[in-house]
Amino acid sequence: MSWKNTIIASLIMLFTFGLLSHLSRPEEIKPNKPFSTFPVQISDWTGKEDRFDDQVYKVLGVDDSFYADYRNAKGEYINLYIGFYQSQREGDMIHSPKNCMPGGGWNIIESKVVPVQLKAEASKKINVIKLVLQNGPNKQISYYWFQSRGRIISSEYLQKIYLVWDAITKNRTDDCFVRLITPVVASEEEATRSLEKFIQDIFPVLNEYIPS
């Protein structure tokens with residue numbers, strides 16, 4: 001990210017914090033179901049639930065979350081993290097992977113928005129953010145998006161704009177962040193196919209949990 005984009009992003013966040021504080025009103029939006037009940041068996045994927053250190057959750061500021069590693073019979077592996085925020089008026093806001101992953105030693109070598117075809121409706125696609133990350137000889141691909149008050153958002157800037165707009169018009173700042181990671185083993189194309197298949201399988205389940 002260039003210094004100009006960094007300044008723009010900082011200004012947007014400062015404006016968002018200020019306006020949301022000014023418009024502060026209680027919010028009662030919660031997940032449709034607690035994420036503690038999120039299934040570890042989804043289609044042919046079997047998951048093992050895990051968690052971050054407590055300090056990480058304190059930094060993230062999430063109100064509910066789910067973190068697990070999924071595998072299928074082919075040996076494909078997906079790490080899934082879902083973070084739900086009931087309100088973003090008091091300073092707890094979603095952290096972009098573009099900010100935290102470089103701190104973990106992973107360099108972003110590619111970032112773009114890509115469409116993903118959904119399985120349930122042949123004509124329906126969602127746009128998600130794709131990151132290609134490298135740490136020494138190791139490479140991985142991450143897909144993520146913001147599932148916010150009935151929208152699928154694939155831009156950190158638009159996510160902030162909609163946040164302010166919905167705070168004013170709907171008294172809602174609830175938000176959900178969905179992030180998937182898979183290692184590149186054979187090729188980037190194979191890793192990408194694995195991620196997109198997982199999204200197709202998990203998307204209907206997400207809609208059972210995330211408020212529209």
Please work out which one of (1) assigned to a loop (DSSP other than H, G, I, E, B); (2) over 25 Å from GLN200 (Cβ atoms); (3) in contact (Cβ under 8 Å) with a residue 24 or more places away in the chain; (4) not small (Gly, Ala, Ser) is the condition ARG51 fails and give its number.
(3)
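This table checks each residue for (1) more than 17 Å from SER154 (Cα to Cα); (2) of a type outside the set (Gly, Ala, Ser).
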position	(1), (2)
THR169	yes, yes
ARG172	yes, yes
VAL184	yes, yes
GLU188	yes, yes
ALA191	yes, no
LEU195	no, yes
VAL205	yes, yes
GLU208	yes, yes
Being modelled with pLDDT under 95, under 21 Å from GLY61 (Cβ atoms) and small (Gly, Ala, Ser): is that true of SER123 here?
no
Within segment 139-151, can one find any residue that is under 14 Å from the mean Cα position of the chain (by Cα) and among the aliphatic types (A, V, I, L, M)?
yes
Residue identified as touching a helix residue (DSSP H, G or I) at 6+ places or on another chain (Cβ under 9 Å), aliphatic (A, V, I, L, M) and free of Cβ contacts under 8 Å to residues at least 24 places away in the same chain among VAL132, VAL185, VAL116, VAL164:
VAL185
Mind listing whichever residues of segment 154-212 are in a strand (DSSP E or B) and buried (at least 18 other Cβ atoms within 10 Å of the Cβ)?
ASP175, CYS176, PHE177, VAL178, ARG179, LEU180, ILE181, THR182
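The values are calculated or read from the model by the stated rules, or taken from the named source; none is laboratory data. Since this is a predicted model, take the numbers as computed values, not measurements. Note that each Cβ is placed from the backbone with ideal geometry, even for glycine, and that neighbours are counted across all protein chains shown.
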